[in-house]
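First up is the structure itself, then whatever we jot down about it.
Values in this text are rule-based calculations from the coordinates and carry no lab data. Here the structure is a predicted model, which means the values were calculated and not measured. Here Cβ is always computed from backbone atoms with ideal geometry, including for glycine, and neighbour counts include all displayed protein chains.
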Amino acid sequence: MATTNKTDNFVIVRDPNAAASFFLNALLVLKGREDEYGSTLGLVTSMDLSANSLTGEIPKEIGSLVGLLSLNFSGNLLTGNIPDSIGKMELMESLDLSMNRLNGEIPPSFSNLNFLNHFNVSYNNLTGQIPTNTQLQSFENLSFLGNHLWGPPLTKNCTSKGIPIDVANNGSSREGSKVNWLYVSIILGFVMGFWGVVAPLFFIRSWRHAYYRKLDHVGRKLYVSWATMGM
């Protein structure tokens, strides 16, 4: 896995208890597809550690495996950033880091992975823009779901300040909603106050007369109080 030179096509196992050797076949899942390898098994360099509850960060030394063609760390509990050193694995054809707890951005060094034809980082906590002018733009949205990524191939774009447009729009729409509700509350308060207090005085004569008598009574009391205080 640490060299790009492959010398043997076959994988041979020798039985020490018998004067015989066996050529191995293997059923491998690569690039999201299940295939059986026999005479070319020795040319297959694959690492599949998926669904093993692995924890911690992906070691940056993984980048020294320059002959690795397929790497699958999906379905674990890996954290931290994706190592930038993965960009050195230029022969990589299949990379699956989905369903972990990885964060940070997708390294720009992924632009070196020109042979990548299967890629999946869905359902992590990745953020930022997907590196442009790379193989990554050729993959479907499903490869990036469950993150906070933006830019092609996703339809989500970004403002000049690096804020995803949908987030910015949501923020502005929420502010607009608050202003609109404020106006609605003022209008409702005015209508309720008018129809609850003022309108009955216009339409119910007995209420109107009682109201005016009350005002006249209060006015007379105030006048007497002021006159007494003046004397």
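For the pair Tyr212 and Ser111 in one chain, pulling the backbone fully straight at 0.36 nm per residue adds 27.9 nm over the alpha carbon distance.
For the range 49-101, what is the relative contact order in percent, using Cα pairs closer than 8 Å and at least 6 residues apart in sequence?
For the range 49-101, the relative contact order is 44 percent.
Cβ-Cβ distance of Lys88 and Thr155, R₀ of 25 Å, FRET efficiency by 1/(1 + (r/R0)^6): the value works out to about 0.20. Put simply, the amide H of Leu54, placed in the peptide plane, has neighbours under 5 Å in Leu77, leaving out anything fewer than 5 places away on its chain.
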